[in-house]
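Visitor: First, the structure itself, so that you have it in front of you.
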Amino acid sequence: MNIPVTCRLLVVSFAFHAATRSIPAQVVQGGTVGEETQRRTYGTADTVIQQIPSAAFQLRSGDRIQEFNYGYVYAQSLGGEFVAPLNLPNGALVNFLDLYAYDTDPGASQYANDVYADLFEVSGTAAPNMTSIAQVFSVGSGGYGYNFYLINPPLQINNMNRYFIYVYNADGPDKSFGAVNVWYRLQMSPAPPTATFGDVPTNHPYFRAIEALASSGITGGCGGGNFCPSQNVTRGEMAAFLARALGLHWPY
């Protein structure tokens, strides 16, 4: 049975969106493996929330880590520093940084009075350069709070660089944190300068999408160096597209 589609790519594109559009924002718990974690590897329409809980952070400075309540922690010293790595897919666009904090200090938002989270990008190897991308501060006197920072323009993840989250708490249990959320979206890779398939030149309307499929190993074309963009897709070909795109495998 053939599927009467004018472009072979549309079958894969439709299936991707049908699988992801129902969940506007997907929460991915740091360090867990499950359905939500698998979903973050494909689809450009939805925003994914990568949550880094306090338990994933290491103490960089401070006497010791103390648990305050409900998974909120602080360093028992005159200021504690926590760090955790941030691992996201290459090319992902990061546009929000969230902080779950407990802060009862009514003072203004200052480094010495609050809890704050910082997203850092480290580039270079011989002489690394560390850049602060975004900071989000707690708001005092209210106790438990949820604060966010809009990253505009979004940060594009480059896996040649390194990324980590830094959290600072001022002294005492009245300034602790529970988690940091990083909001991101996947995006299609840029179009290459040359064409892979003879029948899909660089000015073809689906050139970028087809090249992304070929680069990802989802398709090798229809043979003879061509892609056959207007040819109908059989059920077998659709199965091959989806299995490669989703990385489907036996459970054992």
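None of the figures in this text is laboratory data; all of them are computed from the coordinates on show. Keep in mind it's a predicted model, so treat the numbers as computed, not measured. Note that we place each Cβ from the backbone using ideal geometry, even for glycine, and neighbour counts take in every protein chain shown.
Visitor: Sequence-distant or interchain residues sharing an amide H contact under 5 Å with Cys222, placed H: which?
Guide: Phe227, Cys228
Visitor: Can I ask one more? Amide H neighbours of Asp114 under 5 Å, counting only residues 5+ apart in sequence or on other chains, H built in-plane at 1.01 Å?
Guide: So Asp114 has HN proximity to Ala170.
Visitor: Show the residues, 5+ positions off or on another chain, whose built amide H is closer than 5 Å to the amide H of Gly91.
Guide: Amide H to amide H, under 5 Å and 5 or more residues apart or across chains, Gly91 pairs with Ile157, Asn158, Asn159.
Visitor: Using 7 Å Cα-to-Cβ label points, what is the Ser132/Thr202 separation (nm, one decimal)?
Guide: Each label point lies 7 Å from its Cα, and together they span 4.2 nm.
Visitor: Sticking with this one: Just rank Thr196, Thr234, fewest to most, by other beta-carbon atoms within 10 angstrom.
Guide: Lowest count first: Thr234, Thr196.
Visitor: Hey, another quick one. Roughly what would the spin-label model give for Met160 and Ser216, points 7 Å off Cα along C-beta, in nm?
Guide: A separation of 2.3 nm, rounded to one decimal place.
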